[in-house]
Amino acid sequence: MIEVESLVKTFGDVAAVDGISFSVQKGEIFAFLGPNGAGKSTTVQMLTTLVRPTEGKARVNGFDVVKQEKDVRLSIGVALQETGIDKVLTGRELLVLQGRLFKMTKQEAEKRAEELLRVVSLTEAADRRSGTYSGGMRRRLDLALTLVHRPTVLFLDEPTTGLDPASRIEIWNEVRRLNEEFGTTIFLTTQYLEEADELADRIAIINHGKIVSEGTAEALKRLVGGETIAMTFRSDQEASAAAALFGHTATGQHVAFELVNHTLMEVVRQLDERSLQPERLTVKQPSLDDVFLKVTGESYEGSVPDVD
Ligand SMILES: Nc1ncnc2c1ncn2[C@@H]1O[C@H](COP(=O)(O)OP(=O)(O)OP(=O)(O)O)[C@@H](O)[C@H]1O
């Protein structure tokens with residue numbers, strides 16, 4: 001549905017997007033994950049024909065984004081970072097208007113509005129002015145507006161940036177629903193590792209205009225190794241004895257190692273057999289933060305503003 005080959009966009013000396021290639025299959029949710037200024041919006045703008053690539057090729061729904069921009073536009077839905085929704089009209093009125101812009105009859109547009117209000121759970125608020133909606137509701141209305149003409153590919157540029165945690169979860173549910181109910185292919189950008197992890201079938205990490213890693217969340221996490229176990233014992237002696245059982249050394253009362261050669265159950269059983277009881281035991285899964293650090297050498301935290 002989306003094929004991108006060596007795509008480049010430069011602004012003066014700045015390579016905002018620096019030779020990226022990837023493809024997104026039909027029905028997939030694909031996330032572009034990266035910090036501020038990584039090149040996410042510029043990529044979305046090229047794929048949605050709003051910005052012309054400097055070099056490279058991209059096709060969306062089989063249409064070339066430069067040579068067939070009109071066909072691309074008619075087959076996609078786009079929700080950009082800033083929602084430009086009129087505040088005076090109601091949610092329903094805006095949806096009907098959008099349908100009319102896509103040349104639907106009044107009846108068709110009204111029927112479609114009703115359907116979409118249900119899809120994004122705004123039926124009850126349908127006849128209120130959209131200016132009275134919360135941030136989350138406005139984003140949901142924005143999603144509905146992008147769906148009026150039944151696009152097969154949907155582009156969402158940072159759909160939850162600036163939203164509170166509860167509204168973010170609402171949006172996630174809607175995005176999943178669209179994908180499941182209509183089989184819509186979704187390309188989304190996000191600064192939030194958690195969001196990519198929650199929603200995406202596949203993730204590409206973008207940094208300084210380049211894709212630095214790509215795969216499922218699971219595969220990306222495997223890059224940085226497996227689970228790690230961390231234990232704290234009452235004494236250094238106990239910690240040393242416990243560590244030695246698994247071929248490791250303790251640091252004071254602490255023992256930590258990756259669960260490569262032993263399962264968690266084996267570790268617990270062996271400790272129990274020798275009456276070694278840790279005071280604390282935690283098992284940590286690798287996170288996408290760990291992946292980001294590994295593939296970019298930079299910490300993800302600190303590059304992203306807090307939402308709440
Ligand atoms: N119109 C423009 N003119 C000049 N430079 C630009 C323009 N648009 C983007 N850039 C630069 O290109 C780089 C990538 O920007 P882009 O907006 O694509 O990043 P992003 O990953 O979407 O970040 P954000 O989360 O802040 O939107 C940045 O360094 C940005 O300053």
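Residue check: is L117 farther than 19 Å from M104 by Cβ, at pLDDT 90 or above and either of a type in the set (A, V, I, L, M, F, W, C) or not in a loop (DSSP other than H, G, I, E, B) (or both)? No.
Applying the selection to segment 68-100, what residues are without any contact (Cβ under 8 Å) to a residue 40 or more places away in the chain and either in a helix (DSSP H, G or I) or hydrophobic (A, V, I, L, M, F, W, C) (or both)?
Residues of segment 68-100 that are without any contact (Cβ under 8 Å) to a residue 40 or more places away in the chain, as a first pass: 68-73, 82, 84, 92-93, 96-97, 100.
Of everything in segment 68-100, those that are without any contact (Cβ under 8 Å) to a residue 40 or more places away in the chain and either in a helix (DSSP H, G or I) or hydrophobic (A, V, I, L, M, F, W, C) (or both) turn out to be E69, K70, D71, V72, R73, R92, E93, V96, L97, R100.
Assess whether E198 counts as being within 22 Å of A38 (Cβ to Cβ) and in contact with a Phe, Trp or Tyr (Cβ under 7 Å, 6 or more places away or on another chain). Answer is yes for this residue.
Scanning segment 207-227 for residues that are over 30 Å from T54 (Cβ atoms) and surrounded by fewer than 16 Cβ atoms within 10 Å (Cβ to Cβ) yields T216, E218, A219, R222, L223, G225, G226, E227. Out of segment 177-190, which residues are in a helix (DSSP H, G or I) and either among the aliphatic types (A, V, I, L, M) or in contact (Cβ under 8 Å) with a residue 24 or more places away in the chain (or both)? Answer for segment 177-190, where residues must be in a helix (DSSP H, G or I) and either among the aliphatic types (A, V, I, L, M) or in contact (Cβ under 8 Å) with a residue 24 or more places away in the chain (or both): R177, L178, N179, E181, F182.
Scan segment 1-15 for residues that are closer than 25 Å to S75 by Cβ, of a type in the set (A, V, I, L, M, F, W, C) and in a strand (DSSP E or B) and the total you get is 4.
Could you say which residue among V224, V304, V260 is within 30 Å of A31 (Cβ to Cβ), in contact with a Gly (Cβ under 7 Å, 6 or more places away or on another chain) and at pLDDT below 85?
On the way: V224 fails: in contact with a Gly (Cβ under 7 Å, 6 or more places away or on another chain); V304 fails: in contact with a Gly (Cβ under 7 Å, 6 or more places away or on another chain).
The match here is V260.
Pick from segment 25-60 the residues that are within 21 Å of the chain's Cα centre (by Cα) and more than 16 Å from the ligand (Cβ to nearest atom): which of them is nearest to E3 (Cα to Cα)? Checking each candidate, the answer is V60.
Before we move on, is V255 touching a helix residue (DSSP H, G or I) at 6+ places or on another chain (Cβ under 6 Å) and within 16 Å of T282 (Cα to Cα)? Before the answer, list the steps.
Numbers: touching a helix residue (DSSP H, G or I) at 6+ places or on another chain (Cβ under 6 Å): yes; within 16 Å of T282 (Cα to Cα): yes.
Against the criterion (touching a helix residue (DSSP H, G or I) at 6+ places or on another chain (Cβ under 6 Å) and within 16 Å of T282 (Cα to Cα)), V255 qualifies.
Taken over segment 248-257, the criterion of being loosely packed, with under 15 Cβ neighbours inside 10 Å and either on the phi > 0 side of the Ramachandran plot or part of a strand (DSSP E or B) (or both) is satisfied by T251, G252.
Table: residues versus (1) surrounded by fewer than 22 Cβ atoms within 10 Å (Cβ to Cβ); (2) closer than 15 Å to G77 by Cα; (3) small (G, A, S).
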residue: Y133; (1), (2), (3): yes, no, no
residue: G136; (1), (2), (3): yes, no, yes
residue: T161; (1), (2), (3): yes, no, no
residue: E170; (1), (2), (3): yes, no, no
residue: F182; (1), (2), (3): yes, yes, no
residue: I205; (1), (2), (3): no, no, no
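Using the structure shown, decide if L122 is part of a loop (DSSP other than H, G, I, E, B), crowded, with 18+ Cβ neighbours inside 10 Å and at pLDDT 90 or above. Steps first, answer last, please.
Details: part of a loop (DSSP other than H, G, I, E, B): yes; crowded, with 18+ Cβ neighbours inside 10 Å: yes; at pLDDT 90 or above: yes.
The answer is yes for L122.
Of all residues in segment 191-247, those being in a helix (DSSP H, G or I), in contact with a Leu (Cβ under 8 Å, 6 or more places away or on another chain), away from the ligand (no atom under 16 Å from the Cβ) and not charged (D, E, K, R) number 6. Counting only residues that are among the hydroxyl-bearing types (S, T, Y) and in contact with a Ser or Thr (Cβ under 6 Å, 6 or more places away or on another chain), segment 29-56 holds 1 of them.
The values are calculated or read from the model by the stated rules, or taken from the named source; none is laboratory data. The model shown is predicted, which means the values in this text are computed figures rather than measured ones. Note that each Cβ is placed from the backbone with ideal geometry, even for glycine, and that neighbours are counted across all protein chains shown.
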